[in-house]
Amino acid sequence: MSRSITIFDTTLRDGEQSPGASMNLSEKLEVASALAELGVDVIEAGFAISSPGDFESIQEISKLIKGVSVCSLSRCRDADIDCAWDALKYAENPRIHVVLATSSIHREFKLRKSEDEIIEMAVAGVKRARGYCGNVEFSAEDAARTDIDYLCRVVEAVINVGATTVNIPDTVGYTTPIEMFARIEMLRNRVPNIDKAVISVHCHNDLGMAVANSLAAVHAGAGQIECCINGLGERAGNCALEEVVMALKIREDFYQAKTRIQTPRLVATSRLVSTVTGLRVPRNKAIVGQNAFAHESGIHQDGVLKNPTTYEIMKPEDVGFQKNDIVLGKHSGRAALVARAKHLSYSLAVEQLDAVFEEFKKLADRKKQVFDADLRALIEQNIREQGSTGIFVPKSELKKAEWVLGSYELRTRTGKNPDVSITLQCGDTQYTQSVGEGDGPIDALFQAVLQIVGVKATLKEYHVQSVSVGEDAQGEVSVLIQTGEGDEHVFRGHGVSTDTIEATIQAILAAINRFTGTLRV
């Protein structure tokens with residue numbers, strides 16, 4: 001009989017630590033809502049004491065997101081734990097996640113503490129957290145490089161004072177599946193009170209083995225996997241939720257384990273996180289990549305046409321891809337739009353539907369056919385502007401200082417600088433700037449925008465790709481701008497339009513609005 005594995009999603013905490021992937025409050029609520037609908041068991045909403053923004057996000061998610069445990073990270077410090085509880089106390093099922101490093105290298109060089117001092121700190125932290133709630137997780141940071149005898153002592157001590165989950169992180173992505181299996185198995189055999197807590201793993205992907213290590217831990221008896229949508233996270237990222245979940249689903253016969261994830265929502269959730277963070281999903285990404293179910297080889301195509309199971313171990317519909325790409329056009333009505341949006345796993349509030357339908361009609365006038373990919377991009381763009389799915393925030397409640405595009409003119413000539421004239425609107429005021437310099441049209445547009453908004457920034461990344469197919473396909477642009485030194489001064493923006501220049505300006509303005517904080521609600 002299969003046992004149930006807890007899926008602990010840390011996209012909003014560890015995932016957001018990816019450079020340039022920071023989210024504002026509205027975006028975090030949107031992602032949290034999608035994660036709850038996806039069926040994750042725990043949402044790690046942030047690190048409460050790290051910033052006022054993190055505290056506010058955790059607090060609002062705790063108030064608004066139901067049916068899931070909401071968690072905050074905390075160091076083994078009284079102030080951290082108290083702050084975490086202040087942010088979490090409105091949640092249906094709050095969890096305080098206490099972390100303390102245990103490996104010799106961390107003890108010696110980072111903490112400068114003895115083994116006994118570390119255990120004392122861990123015990124004190126768990127006790128304080130248990131004074132606030134009964135759902136307490138303890139993480140032994142760098143557990144994969146911690147001496148196993150000492151790790152057993154730490155785990156036993158924190159369980160004795162009330163830790164309900166003990167996390168065994170591979171913090172630097174160092175271990176291998178065989179080693180991870182052995183480590184979890186030894187903990188189960190050598191820690192006398194291990195049956196009183198759930199064993200969790202949090203695997204980083206520095207050597208590309210995060211998913212394999214997580215699965216090895218489950219095979220050895222772990223009951224929780226910590227992961228991120230699209231494998232986001234520091235450095236090379238974390239265990240990818242969509243990959244580990246589908247591995248357990250497809251190979252339930254081997255692992256004898258399952259999750260409660262609603263897998264047909266994986267593609268929509270992946271797309272949402274990619275759009276919000278600006279971090280694109282590679283075409284060949286397992287499970288949710290554009291090529292995940294594509295077959296170019298003649299032999300493969302022949303086999304799939306005769307029987308899909310010859311080369312497909314799962315159906316596209318199992319993860320949220322649709323076999324029938326229904327085409328909408330300018331004569332399609334609200335009913336068709338609502339039906340297609342629902343089929344793509346989007347639930348739109350009345351106000352959102354009004355905004356999306358208005359933009360859909362404009363798009364249908366510019367394109368002969370509106371494909372599923374176009375509709376996804378359109379819905380996600382408008383949901384980001386309007387508020388999170390299921391938690392509607394009227395546009396009138398957004399701060400008035402948001403910069404939006406009024407119009408632009410662009411002239412380019414071989415061997416000469418481009419001429420750009422652009423009009424932006426902020427509140428009720430319009431501003432126009434003309435520029436006759438730049439390395440090319442994109443640089444000229446960027447410089448013109450910066451001159452209007454009065455921001456000093458550098459364009460670090462610029463990506464453009466087609467949303468769907470055909471010569472009239474929408475262009476999807478993502479940019480990364482840097483306004484100062486350090487990752488905290490890196491901001492991403494995203495824009496979609498049949499006019500790639502317009503999409504570029506939208507993306508630049510989205511990044512600038514994130515920098516100025518005007519998109520916070």
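Only the coordinates and a few stated rules stand behind these numbers; no lab work does. The shown structure was predicted, so the numbers you read here are calculated from the model rather than taken from an experiment. Virtual Cβ from ideal backbone geometry, glycine too; neighbours counted across all protein chains shown.
Some notes on this structure:
- The chain - share of DSSP beta bridges that are antiparallel (%, nearest 5): 50
- Net charge over other residues, Cβ less than 14 angstrom from the Cβ of ILE178 (K, R count +1; D, E count -1): -2
- Here's how it looks for GLU461: its modeled amide H is under 5 Å from those of LEU480, which are all 5 or more places away or on a different chain.
- FRET efficiency for the SER51 to GLN369 pair, using the beta carbon distance and R₀ = 45 Å, is estimated at 0.50.
- Cβ-based net charge around VAL99, under 12 Å, with every Lys or Arg adding one and every Asp or Glu removing one: -4
- Once the Cα-Cα distance is subtracted from the 0.36 nm per residue extended length, the THR432 to ALA339 segment shows a gain of 29.3 nm.
- The angle separating the long axis of helix 177-190 from the principal Cα axis of greatest extent in the chain is about 40 degrees.
- Relative contact order, whole percent, for the chain stands at 12, derived from Cα pairs under 8 Å and 6 or more residues apart.
- Seen against the Cα atoms of the chain and their longest principal axis, helix 334-343 is set at about 30 degrees.
- Its Cα gyration tensor gives the chain an equivalent ellipsoid. The semi-axes, each the square root of 5 times an eigenvalue, are 42, 28, 21 Å from largest down.
- Exceedance of the 25 Å cut-off in Cα-Cα distance is limited, within the set LYS196/LYS258; LYS66/LYS362; LYS258/LYS315; LYS89/LYS127; LYS28/LYS63; LYS66/LYS342, to LYS66/LYS362.
- Spin-label model, ARG3 to LYS258: label points 7 Å out along the Cα-to-beta-carbon direction sit 1.6 nm apart.
- Shown is the FRET efficiency for ALA182 and LYS361, computed with R0 = 51 Å from the Cβ-Cβ distance and rounded to the nearest 0.05: 0.25.
- Vicinal HN-Hα couplings computed from phi for segment 118-134 (Karplus, 6.51 cos²θ - 1.76 cosθ + 1.60; Hz; Gly/Pro x): 5, 4, 4, 5, 4, 5, 4, x, 5, 4, 5, 5, 5, x, 9, 8, x
- Inter-label distance, nm, simple model (7 Å from Cα along the C-beta direction), ILE250/ILE148: 3.1
- Size-normalised alpha-carbon gyration radius of segment 3-277, reference 2.2 N^0.38 Å: 0.92
- Net +/- balance of residues flanking SER214 in space, Cβ distance below 10 Å, scoring K and R +1, D and E -1: -3
- The Stokes-Einstein estimate for segment 398-516, based on a Kirkwood radius over Cα pairs and taken at 20 °C with 1.002 mPa s viscosity, is a diffusion coefficient of 146 µm²/s.
- Vicinal HN-Hα couplings computed from phi for segment 42-48 (Karplus, 6.51 cos²θ - 1.76 cosθ + 1.60; Hz; Gly/Pro x): 9, 10, 7, 7, x, 10, 3
- Built amide H within the under 5 Å cut-off of CYS203, gap 5+: ASP170, GLU226, CYS239
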